[in-house]
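Inspection log for the structure reproduced underneath, given as structure tokens.
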Amino acid sequence: MGEFVLIGDRGGFRRYRRWRVAMTAFLGIAIVSGLCSGCDDRSDRSNLTASQGEPTVSYDVEQQIPLQEVIQEVSRVEIETQQGGITVRGVDQEPITATAQIRVWAYSEKDAQRLAEQVKLHVKRTGDTLRIHPTIPPGRTGCRFEVTVDVPIPRQLLSGAAAQNSDRSLKVQSETGSVKVDNIEGTVIAKTSTGSIELNEVSGPVRLETCTGSITVRNAMGGVTAKTTTGSITINSAKSHVTAETSTGTAVVEVNADQWDGNIVSASSCTGTGRVVIGSLTRKP
């Protein structure tokens, strides 16, 4: 089975189309190569000692990858980062280009620049699934990476009757960083360990989860499930089933009484407050 692979490079991208066996071999070479270079290179080891404290010299690089070639007939989009935020925007016009803002902190500008240029934004389509993620060289010590990804997709790419099926969806995940999704028709699943989640104008079912951070949803047409361990939850203009749960923080759900479909709406908090607002009527759980 063939695959499309686009790999970001400084000022542009490189395009690959290969069979799965060839792709596996390529990835193996990339991993081995990555282990042989980086912050702890022997030639630079004297610059990267623990006694220097946190690295303070930063270097920024931007990578862009056009998506028109790979995004056609896609029913699932998956975007993931380790350290850095993710923004997904529904758009109606072309061009559609993914952008990665890369920042690396090291002990010298030379090291920071060299390492920043090793980070690559990968875009791969396998069947009807499009995956986007940056690759950070492994085994790094004495440096820090942050990769912020901005991805526009056609607003109606995931819409239609099939959008009610979780197999047709946008999935966004960041380990450390905020997530923002705007103007998407279809199912949205967003998760981050440390960071906030913000959704605006989403028409399909929504599932959101963060461990440390706030969740904000505006104008959700479908059902919303939102959960955070430490942080507040605010859902404005909900029109369908809503469940908002926080362990430490305030959970507030505002339902548009004129458009609400009558499904169950609940808000709860262990140590904060949980309340539901329907029009001008407030009900405390």
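The values are calculated or read from the model by the stated rules, or taken from the named source; none is laboratory data. For clarity, every value in this text was computed on a predicted model and none was experimentally measured. Neighbour counts are summed over all protein chains in view; Cβ atoms, including those assigned to glycine, are modelled from backbone coordinates with ideal geometry.
Tabulated results
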| quantity | calculated |
| --- | --- |
| Residue check for T210: modelled with pLDDT of 85 or more and either assigned to a loop (DSSP other than H, G, I, E, B) or of a type outside the set (D, E) (or both) | yes |
| Condition broken by R168, with the remaining ones in (1) surrounded by fewer than 19 Cβ atoms within 10 Å (Cβ to Cβ); (2) among the basic types (K, R); (3) farther than 30 Å from A106 by Cα satisfied | (1) |
| From the options L130, L158, residue that is in a strand (DSSP E or B) and surrounded by 21 or more Cβ atoms within 10 Å (Cβ to Cβ) | L130 |
| Test: residue in segment 86-94 that is on the phi < 0 side of the Ramachandran plot, of a type outside the set (S, T, Y) and free of Cβ contacts under 8 Å to residues at least 24 places away in the same chain | yes |
| Segment 230-285 - residue that is under 19 Å from N200 (Cα atoms), assigned to a loop (DSSP other than H, G, I, E, B) and under 27 Å from the mean Cα position of the chain (by Cα) and, of those, modelled with the lowest pLDDT | K239 |
| Residue list for segment 95-121, filter: of a type outside the set (A, V, I, L, M, F, W, C), surrounded by 15 or more Cβ atoms within 10 Å (Cβ to Cβ) and either without any contact (Cβ under 8 Å) to a residue 60 or more places away in the chain or in contact with a strand residue (DSSP E or B) (Cβ under 7 Å, 6 or more places away or on another chain) (or both) | T99, Q101, R103, Y107, Q113, R114, E117, K120 |
| First in segment 260-281 and within 16 Å of S237 (Cβ to Cβ), second anywhere and modelled with pLDDT of 65 or more and exposed (fewer than 15 other Cβ atoms within 10 Å of the Cβ), Cβ under 6 Å, 6 or more apart | I278/A257; G279/A257 |
